[in-house]
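Comments concern the structure below.
The values are calculated or read from the model by the stated rules, or taken from the named source; none is laboratory data. Keep in mind it's a predicted model, so treat the numbers as computed, not measured. FYI the Cβ positions are ideal-geometry reconstructions off the backbone, even for glycines, and counts take in every protein chain you see.
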């Protein structure tokens, strides 16, 4: 019965749509031990590999859904989404932190794309979410956040609403109250300490049909 | 000027959507409610903005407008599958050849009348244009027949008046053909390559169509001028513009581009809705070429659509609603 169904859906797809030329799977490009089959369909094997890579923070349905979205954004099936393809989403381009995020997501293959988004899963814990925020601030990837790093993010967010002097003053004052100085560097542990136990609401729902 | 010791602000939880740093504006620009002080944690918390960005990456309303939903296969049981097979045989084996024949006949008739008229009546422009217009109408009717198109027109037919512009939603290139078979319109289209481009430069020229090239920068002013001239001329076909600028999947509309509304003329809207049960007429130009799209239409049962000629709203409300 199930074989019959499978055969029917496959053949109906052939009749309803002209055959697309086989597309190299973006998963095969990133999984060194994959079968290397040229298909644009996710296999169970691929899904499990991706799930493992994102520490099981997404269900298999969500990964399939994300794959459809990935293919939708990746227009010429290159296996990654380029910066201008991200910017073609108006709601993303309007976001004040879009340039910083672009540096993190530009050119990611599907596995890493899912890993990036896994911090936004409902199952992600505080550390994973804080880790992502830390990486957004730490644009030069040296593992520590300086006064200027925070100032740059504030600049992105507040734009024309505040002058540079106002921003600096605010930051110096707030850092002083928390026990840091202008010259301090914040590590990931400091970040975790600052955020403490207060909840962090950073969740995105993956639309699953 | 604020002194560092007097920095107070309201808590960001009032408005998670906005960056909380806005509460730090100097007095006079925001309502200062002295609650707790701004903590480092709140300052560093960019999670609302990040959540919005991730939400946009995962799903956004603009891309949804261009999604072509694959039809669900309904032929998966023992009873329906043979019926579906019969359907395929009828569609590909009987209907398709008949339609190709109809289309071929249509083209033969059209070309054999159009070319002589075009060459012989060079001098009598008015008469030539009239005949060419009716011939274009005829070939459009043949096209529509070749997909077994069932088109229902609602509303008053557009009359030829100067300073009148028609706007319609855009699902596929066939929108133009469906509208053209009822009334000759002049369209503004992008110049396409291939056989479509050939059609554009020869036949559609006679109906008064205007071409533009998306990639050429100077093109805009030239085209804008051509549009204005066309609209002023009383003898020209009414101008049809698709203000969405691209093909959308007939479930949503995309925000209109304003060019159509700056021409200083009355705007008459037309709505085209395709019935999805028969065929999904959305031409996803990223996925299919126009030829493939036409072939898909010709091997389906029918193209059923409704065309509504709508009333012209007052110009202010039109601009506001879009």
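When the helices (runs of 4 or more DSSP H) confined to region B:1-120 are screened for residues that are more than 9 Å from every other protein chain (Cβ to nearest Cβ) and modelled with pLDDT of 80 or more, those reaching at least 1 such residues are found at B:80-89, B:96-120.
Among all residues of region B:191-198, there is at least one that is in contact with a strand residue (DSSP E or B) (Cβ under 6 Å, 6 or more places away or on another chain) and surrounded by fewer than 19 Cβ atoms within 10 Å (Cβ to Cβ). Residue A:101 meets the stated requirement of being within 22 Å of residue A:205 (Cα to Cα) and assigned to a helix (DSSP H, G or I). Among the residues of region A:69-85, those that are assigned to a loop (DSSP other than H, G, I, E, B) and facing chain B (nearest Cβ under 10 Å) comprise A:75, A:76, A:81. For region B:260-273, the criterion of being in a loop (DSSP other than H, G, I, E, B), modelled with pLDDT of 70 or more and within 14 Å of another protein chain (Cβ to nearest Cβ) is met by no residue. Of the residues making up region B:138-155, just one is assigned to a strand (DSSP E or B) and buried (at least 19 other Cβ atoms within 10 Å of the Cβ), namely B:149. Within region B:274-297, being surrounded by fewer than 19 Cβ atoms within 10 Å (Cβ to Cβ), part of a helix (DSSP H, G or I) and more than 16 Å from the chain's Cα centre (by Cα) holds for B:291, B:292, B:295, B:296.
Of A:139, A:146, which residue is away from chain B (no Cβ under 11 Å), surrounded by 14 or more Cβ atoms within 10 Å (Cβ to Cβ) and over 20 Å from the mean Cα position of the chain (by Cα)?
Matching residue, one of A:139, A:146: A:146.
Among the residues of region B:129-149, how many are touching a helix residue (DSSP H, G or I) at 6+ places or on another chain (Cβ under 9 Å) and free of Cβ contacts under 8 Å to residues at least 24 places away in the same chain?
1
For region B:156-167, the criterion of being in contact with a helix residue (DSSP H, G or I) (Cβ under 7 Å, 6 or more places away or on another chain), at pLDDT 80 or above, surrounded by 13 or more Cβ atoms within 10 Å (Cβ to Cβ) and not in a loop (DSSP other than H, G, I, E, B) is met by at least one residue. The requirement of being touching a helix residue (DSSP H, G or I) at 6+ places or on another chain (Cβ under 8 Å), modelled with pLDDT of 90 or more and either surrounded by fewer than 12 Cβ atoms within 10 Å (Cβ to Cβ) or not assigned by TED's automatic domain parsing to the domain that holds residue A:104 (or both) is not satisfied by residue A:206.
When region A:178-201 is filtered for residues that are exposed (fewer than 13 other Cβ atoms within 10 Å of the Cβ) and at the interface with another protein chain (Cβ under 8 Å from one of its Cβ atoms), the ones remaining, listed by number, are A:196, A:198, A:201.
Of all the criteria given as (1) crowded, with 18+ Cβ neighbours inside 10 Å; (2) farther than 18 Å from residue A:57 by Cβ; (3) not assigned by TED's automatic domain parsing to the domain that holds residue A:187, the one not satisfied by residue A:132 is (2).
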